[in-house]
Amino acid sequence: MIHHHPDHNLLLEYASGSLPLGPSLVIAAHVQLCAECRRQYHALNSLGGSILRQSPAQPLQSGAFERVMARIERAPDGIPGNCETPPPPPPDSALADVPPVLGRLLAQNPPLRWEKVTRSLQICRLRTGQKHYEVAFHRLCSGGEMAEHDHRGNELALVLNGSFSDQFGVYKRGDFILRQPGQVHKPIATQDQACVCLSAVSAPVAVTGISGWLLNPLISFRPG
C-alpha cells in the first residue's frame, strides 16, 4: 500500500501543466502507480475542463497551435493511464517494472550507465531535454546507507523497488518523497533487497558533518 503522496498543490500544478518537466516525470510516475492520486488527477482535469468551458473565448496569437503541437512532440509522454503500445522492458532487471512514462523515457535514452558514488550507492542519470533539474535513478544496496545530507534545492523522489527509511518515515514502492532545504536526512535501505528510486533535484545535495567540507566540492550536478 502506498502511504506517501504529493500534496494537493503539487497535483494541481501537475494537472494544469505548470510544473517543470523534471518534477512532472516524478509526479506522473507516482500517479501511474497510485490509484488514489490518479482519481484526484482525473478530478482536477475534469474541474479544469469545466472552468475552461465556462470561460469566455480568447483570441489566439498567430502560430499558437503549431507551437503547442511542437512542444507536445518534444516532451516525453507524461499522461497517466494505459498505453496501447507499451515500451519494451529495459535491460536492467532493477527497472523491469517501472511505470509506463519511465519506460518511454528509457526508450529515448542511450543504454543505461550506472556510476558508483559510494560503496552503497549508484546513480544513473537520464536525458530529459530540460536544463533545470537533474533526473536520475539511484540504487542503494541492501542495508546500504547514504551520507547524512541537506538539500540546496528541492528534491522530488519516488521509490520504484525495495524500500528505505530515514528520520521522517519508511518508504516503499510507489511512495513519493519531497525534500526541501533544511530537511537533513540519512536514507538507509532495508536489509532484504536493494532500493531503487527516481529523483528530480534542482541543486546538488550538501553532505553534513565533518566530512562535508571534503565531499561537497566533489558532488556533481548534471541537469539535462
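The values are calculated or read from the model by the stated rules, or taken from the named source; none is laboratory data. The shown structure was predicted, so the numbers you read here are calculated from the model rather than taken from an experiment. All Cβ positions, glycine included, derive from the backbone under ideal geometry; neighbour counts span all protein chains shown. Protein only, heavy atoms only, side chains kept; ligands, DNA and RNA dropped before computing areas. Shrake-Rupley method; radii C 1.70, N 1.55, O 1.52, S 1.80 Å.
Going 7 Å from the Cα of Arg222 in the Cα-to-Cβ direction, what parts of region 139-177 have a backbone nitrogen less than 19 Å from that spot?
So the set is 139-140.
Quick one: 3J(HN,Hα) in Hz for region 106-116, Karplus 6.51/-1.76/1.60 with θ = phi - 60°, rounded, Gly and Pro as x.
5, 5, 8, 9, x, x, 4, 9, 8, 10, 7
Would you indicate which of [x] 41, 19, 16; [y] 32, 19, 18; [z] 24, 21, 17 is the value of semi-axes √(5λ) of the Cα gyration tensor in Å derived from the coordinates of this structure?
Label [y] holds the value from this structure.
Relative to the longest principal axis of the C-alpha atoms of the chain, give the angle of the C-alpha long axis of helix 64-74, reported between 0 and 90° and rounded to the nearest 10°.
The angle comes out at about 30 degrees.
When only C-alpha pairs under 8 Å and at least 6 residues apart count, what is the relative contact order of the chain, in percent? All intermediate terms of the calculation are to be shown ahead of the outcome.
On the way: 411 pairs, mean separation 48.2, N = 224.
Worked out over the chain, it gives 22 percent.
Taking the Cα atoms of region 135-224, what is the range of coordinates along each of the three principal axes, in descending order and whole Å?
33, 29, 20
For the chain, with only Lys/Arg (+1) and Asp/Glu (-1) charged at the beta-carbon, what is the dipole magnitude about the Cα centre, in debye rounded to 20? Intermediate results must be reported in sequence, preceding the final value.
On the way: 20 positive and 18 negative charges, 84 e Å.
It comes to approximately 400 debye.
In whole Hz and in residue order, list the ³J(HN,Hα) couplings for region 144-154 that follow from phi through the Karplus curve 6.51 cos²θ - 1.76 cosθ + 1.60, θ = phi - 60°; x for Gly and Pro.
So the J values, rounded to whole Hz, are x, 10, 8, 5, 4, 8, 9, 10, 7, x, 6.
If amide hydrogens are placed 1.01 Å from N in the peptide plane, which non-local residues have theirs closer than 5 Å to the one on Val184?
Long-range HN contacts for Val184: none found.
Using each residue's phi in region 125-142, evaluate 6.51 cos²θ - 1.76 cosθ + 1.60 at θ = phi - 60° and report the 3J(HN,Hα) Karplus result to the nearest Hz, with x for Gly and Pro.
After applying 6.51 cos²θ - 1.76 cosθ + 1.60, I find 7, 10, 8, 10, x, 9, 10, 10, 10, 8, 10, 7, 8, 10, 10, 9, 5, 4 Hz.
Inverting the mean 1/r over all pairs of different Cα atoms, compute the Kirkwood radius of region 102-179 and quote it in Å. Working shown, then result.
Values: mean 1/r = 0.0713 Å⁻¹.
This gives a value of 14.0 Å.
Taking the 0 to 90 degree range and rounding to the nearest ten, how far is the long axis of helix 21-33 tilted relative to the main principal axis of the chain, both from C-alpha atoms?
Roughly 90 degrees, rounded to the nearest 10.
Go through Thr208, Thr128 and list them by solvent-accessible area, largest first, probe radius 1.4 Å.
Numbers: Thr208 40, Thr128 15 Å².
Output order, biggest surface exposure first: Thr208, Thr128.
Can you list the residues, at least 5 places off or on another chain, whose amide H is less than 5 Å from the amide H of Asn161, using H built in the peptide plane?
Those lying under 5 Å, H to H, from Asn161 are Val196.
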